[in-house]
Amino acid sequence: MPDGVALIDAHNTILWGNAKFQEWTGQNEIVGQHFYTLLGNPEILGPDFGPFSTALATGNPSTTTLRCPANRFYRIHAAPVIENSGPPENLIVTIHDVTAEELQQQKLAAIHKAGADLANLSTDELFQMSVEDRIELLKSNILHYTEHL
């Protein structure tokens with residue numbers, strides 16, 4: 001299976017995880033460990049900044065994106081396990097690697113920002129620049145905004 005899957009409790013402790021999730025964490029034993037700790041305490045990018053608590057509180061699935069160390073990105077989907085009539089106590093979490101998509105989006109955003117900076121020049125400034133100068137300025141802006149990617 002290309003995605004990671006984990007069963008976690010209300011304290012974000014892993015009760016079970018598949019081989020792909022285990023592979024991504026780099027740990028031989030993941031049961032009993034904290035979900036976020038295994039992923040290197042990632043930054044939660046949203047849209048839901050508390051997907052596990054949201055899913056447990058509402059009884060509805062929740063989705064968010066995580067930025068992990070080494071510039072890895074995972075989209076997680078947390079679905080509550082509904083048993084009998086009580087509130088959910090566990091979650092099934094699917095983890096999808098979206099690193100390539102996120103990095104592509106960052107590159108496109110950087111190119112857009114570089115173009116916007118060029119568009120912010122006054123008409124007089126643009127008129128005084130040759131076509132080659134404008135191209136070089138755009139290249140320089142693109143390099144500036146993509147160097148951290």
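The values are calculated or read from the model by the stated rules, or taken from the named source; none is laboratory data. Only a predicted model underlies this, so the values are computations on that prediction, with no experimental measurement involved. Quick reminder, even Gly has a Cβ in these numbers, built from the backbone with ideal geometry, and neighbours come from all protein chains shown. Side chains included, ligands, DNA and RNA excluded: accessible areas come from the protein's heavy atoms. Shrake-Rupley method; radii C 1.70, N 1.55, O 1.52, S 1.80 Å.
Report the calculated FRET efficiency for Ile111 and Asp3 (r = Cβ-Cβ distance, R0 = 22 Å), to the nearest 0.05. My answer for the efficiency is 0.15. Under the combined filter of DSSP loop state and at most 14 neighbouring Cβ atoms within 10 Å, the stretch 41-137 retains none of its trypsin sites (Lys or Arg not before Pro).
Ordered from largest to smallest accessible area (heavy atoms of protein chains, 1.4 Å probe), the residues Thr99, Thr58 come out as Thr58, Thr99.
Dividing the helix sum by the residues of the chain, where each DSSP H run of 4 or more adds -39500 (n - 2.57), gives a mean residue ellipticity at 222 nm of -12500 deg cm²/dmol.
Rolling a 1.4 Å probe across all protein chains gives Thr54 an accessible area of roughly 50 Å².
Ligands, DNA and RNA excluded, the heavy atoms of Glu29 present near 110 Å² of accessible surface to a 1.4 Å solvent probe.
Translational diffusion coefficient of the chain (Stokes-Einstein, Kirkwood radius from Cα pairs, 20 °C, 1.002 mPa s): 120 µm²/s.
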